[in-house]
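The values are calculated or read from the model by the stated rules, or taken from the named source; none is laboratory data. This one's a predicted model, so the numbers in the text were calculated from it and none came from an experiment. So basically every Cβ, Gly included, is an ideal-geometry build from the backbone, and we count neighbours across all protein chains shown. Note: accessible area is taken over every heavy atom of the protein model, side chains too, but ligands, DNA and RNA are not part of it. Shrake-Rupley method; radii C 1.70, N 1.55, O 1.52, S 1.80 Å.
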Amino acid sequence: MTAIDPTAHLTAEQIEELGRELDAIRDEVIAGRGEKDAAYIRKVISAQRTLELVSRGVLLFSFFPPAWLIGTAGLSVAKIMDNMEIGHNILHGQWDWMRDPKIHSTTWEWDHVSPADQWKHSHNELHHTYTNVIGKDNDLGYGIMRVDEDQKWHPFHLGQPLWNFINACFFEYGIAAYDLELGKNLHKRRRKNPEFRARAKAVGRKIRKQVLKDYVIHPLLSGPSFLTTLAATFTANLVRNIWSHSVIMCGHFPEGVQVFERRSIKGETRGQWYLRQMMGSANISGSRAMHFMTGNLSHQIEHHLFPDLPSNRYAEVAVKVRALFEKYELEYVTGPLPKQVFSAWHKVFRLSLPNKKPKVKTPDREQELVAA
C-alpha cells in the first residue's frame, strides 16, 4: 500500500479494456498449444530423471572429492528442476490439456515435504487468488514478516532478517508448515480438529518418505561413502531451498511491488484482478538458462496473469504483456537476479525497523492492519 496509487490514472473503462486485451493473449496461447509444447515437458522430465539418477550414481563414490562435487552439483540441479520447472508448473495444471495421466495436476507428486494436494490449496487457490492482499495471501511474508510500512511494528519484527534466512535454508519445511497454517492451528482447540489432524499426518508421512529416501536409503547404498553421500544430499537440498526461496522473494518482495488491503478487492472485476497481479509481481531478467532454472518464474508477472499457461510460453507472452504496461503507463518491475535479491532483502531489513515517521490511519484501516 503506497501513499500514491500507481494505477490512479486509469479509468474503469481502461481497466476493463486491459482485461480484455489480456484475455486475448491467453486465448491465443491456449489455441496454439500442441505437440511441440508436450514434447518440451516430456523432454524436461526425462532430462531431470536422468540427471538425478546419474548424480546419485556418482555419489556412490563420493568419498572421492571430485565425485562429491560433481554428484552434489548434479543432484542440486535435478532437485531444482523437479521443484521449479516440473513440479510447480504441473501442479498448476499447465499440462493438464495433454490428458496424460502421468503428467497431470491430479496425479503428480514432487520431491518436496509438502504433499501436492495441500500445496495446491494454499498456493493455487489462495495465493494466486489473493495475490499480495495483506491478511489473505499468506505467501506474502509467510506469516513471519512485516511486509508493509502501514502494518503495526512489533519488537518481534527486529528478527525478521534472521527468520527469513532460516526459512530460506529450510524452505520446503517452511512451505509445509505454511500449508498447514500452523500459525492459527497450533491453538489447543484447533489442534484437535479432525481435518487439521488428517492434514498434519499427511505431512508427517511425506516428511518420513523424503527423509528415508534422501538420508537413509541412498547413503546406505553408498556403503563406505555413507557420510559423504549424506552430506551431499543435505547440501543439494540446501541449495534447492535457498534457490527456490530467492526466486519466490524476487517475484513478490522487491521495492516497487504493491501490496493491497483486504477491502480493496471487494467487488473486484476481471480487469481489476488482472491489474492487481500486474502490480503485485516482479520479474527477473536473464538468460534462457536462468529462466529455465527458475521454472520460468522469472516471468512472475506473466505467471500470475496466466498461471495455467505452459511455462515454456511465458517468454513470448512477456513481450506482449510488457507492451501493455507501456500502453497503460504502468511500471514493469524487473531486473537481473542480484539486483532483485538485494532489493527484496533491503526491504526485509527496512521493514524490520519501526517507521521513522508515524502514519495517520483511520480506525477501520488500523483494525485491519493489526488483524493482518
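What are the residues in region 31-42 that are over 23 Å from the mean Cα position of the chain (by Cα), part of a helix (DSSP H, G or I) and surrounded by 14 or more Cβ atoms within 10 Å (Cβ to Cβ), if any? Working first, answer last.
Of the residues in region 31-42, the ones over 23 Å from the mean Cα position of the chain (by Cα) are 31-36, 38-39.
Within this subset, residues satisfying the condition of being part of a helix (DSSP H, G or I) are 31-32, 35-36, 38-39.
Selection gives Ala38 alone.
Just checking, which of Ser281, Ser264, Ser246 is touching a Leu at 6+ places or on another chain (Cβ under 8 Å) and of a type in the set (Gly, Ala, Ser)?
Details: Ser281 fails: touching a Leu at 6+ places or on another chain (Cβ under 8 Å); Ser264 fails: touching a Leu at 6+ places or on another chain (Cβ under 8 Å).
Result: Ser246 is the single residue among Ser281, Ser264, Ser246 that is touching a Leu at 6+ places or on another chain (Cβ under 8 Å) and of a type in the set (Gly, Ala, Ser).
Quick one: what pairs do we get from region 130-155, first residue basic (Lys, Arg), second assigned to a loop (DSSP other than H, G, I, E, B) and at pLDDT 90 or above, C-beta under 6 Å, 6+ apart or different chains?
Lys136/Tyr130
Being in contact with a Gly (Cβ under 6 Å, 6 or more places away or on another chain) and acidic (Asp, Glu): is that true of Glu85 here?
Details: in contact with a Gly (Cβ under 6 Å, 6 or more places away or on another chain): yes; acidic (Asp, Glu): yes.
So Glu85 passes the test.
Give me the residue from region 106-124 that is out of contact with any Pro (no Cβ under 7 Å at 6 or more places or on another chain) and among the β-branched types (Val, Ile, Thr) and, out of that set, most open to solvent (accessible area, probe 1.4 Å).
In this case the residue turns out to be Thr106.
Which residues, counting only those in region 212-235, are in contact (Cβ under 8 Å) with a residue 60 or more places away in the chain and surrounded by 19 or more Cβ atoms within 10 Å (Cβ to Cβ)?
His218, Ser222, Ser225, Thr228, Thr229, Ala232, Thr233
Just one of the numbered conditions (1) assigned to a helix (DSSP H, G or I); (2) open to solvent by less than 10 Å² (accessible area, probe 1.4 Å); (3) in contact (Cβ under 8 Å) with a residue 24 or more places away in the chain is not true of Lys206; which one?
The number of the failed condition is (2).
From the residues in region 161-192 that are modelled with pLDDT of 85 or more and outside any helix (DSSP H, G or I), which one is surrounded by the most Cβ atoms within 10 Å (Cβ to Cβ)?
For region 161-192, the residue satisfying everything is Leu180.
In region 274-291, which residues are among the aliphatic types (A, V, I, L, M) and open to solvent by 10 Å² or more (accessible area, probe 1.4 Å)?
Leu275, Met279, Ala289, Met290
Going through region 71-105 one residue at a time, which ones are β-branched (Val, Ile, Thr) and either under 14 Å from the mean Cα position of the chain (by Cα) or surrounded by fewer than 18 Cβ atoms within 10 Å (Cβ to Cβ) (or both)? It would help to see each step written out before you state the result.
Taking region 71-105 as the starting set, the residues that turn out to be β-branched (Val, Ile, Thr) are 72, 77, 80, 86, 90, 103.
Hits for region 71-105 are Ile80, Ile86, Ile90.
Can you tell me which of Glu195, Glu255 is open to solvent by 30 Å² or more (accessible area, probe 1.4 Å), of a type in the set (Asp, Glu) and modelled with pLDDT of 90 or more?
Numbers: Glu195 fails: modelled with pLDDT of 90 or more.
Going through Glu195, Glu255 in turn, the sole match is Glu255.
Considering each residue of region 311-343, count those that are among the polar types (S, T, N, Q) and either closer than 23 Å to Asp96 by Cβ or surrounded by fewer than 16 Cβ atoms within 10 Å (Cβ to Cβ) (or both), and give that number.
Within region 311-343, the first condition is being among the polar types (S, T, N, Q), and the residues that meet it are 311-312, 334, 340, 343.
Checking the rest, the ones that are also either closer than 23 Å to Asp96 by Cβ or surrounded by fewer than 16 Cβ atoms within 10 Å (Cβ to Cβ) (or both) come to 311-312.
So the answer is 2.
Can you report the number of residues in region 125-135 which are crowded, with 18+ Cβ neighbours inside 10 Å and in a loop (DSSP other than H, G, I, E, B)?
Residues meeting the conditions: 4.
Please go through (1) under 22 Å from Phe306 (Cβ atoms); (2) among the acidic types (Asp, Glu); (3) open to solvent by 40 Å² or more (accessible area, probe 1.4 Å) for Glu13 and return the number of the only condition it doesn't satisfy.
Looking at each condition in turn, Glu13 falls short on (1).
Here are Thr107, Thr72: which of them is outside any helix (DSSP H, G or I) and of a type in the set (S, T, N, Q)? Break it down stepwise before answering.
Values: Thr72 fails: outside any helix (DSSP H, G or I).
Only one candidate qualifies: Thr107.
Between a first residue in region 57-76 that is closer than 16 Å to Pro219 by Cα and a second residue that is surrounded by fewer than 21 Cβ atoms within 10 Å (Cβ to Cβ) and among the aromatic types (Phe, Trp, Tyr), which pairs have beta carbons less than 6 Å apart while being 6 or more apart in sequence or on different chains?
So the pair list comes out as Ser62/Trp68; Ala67/Phe61.
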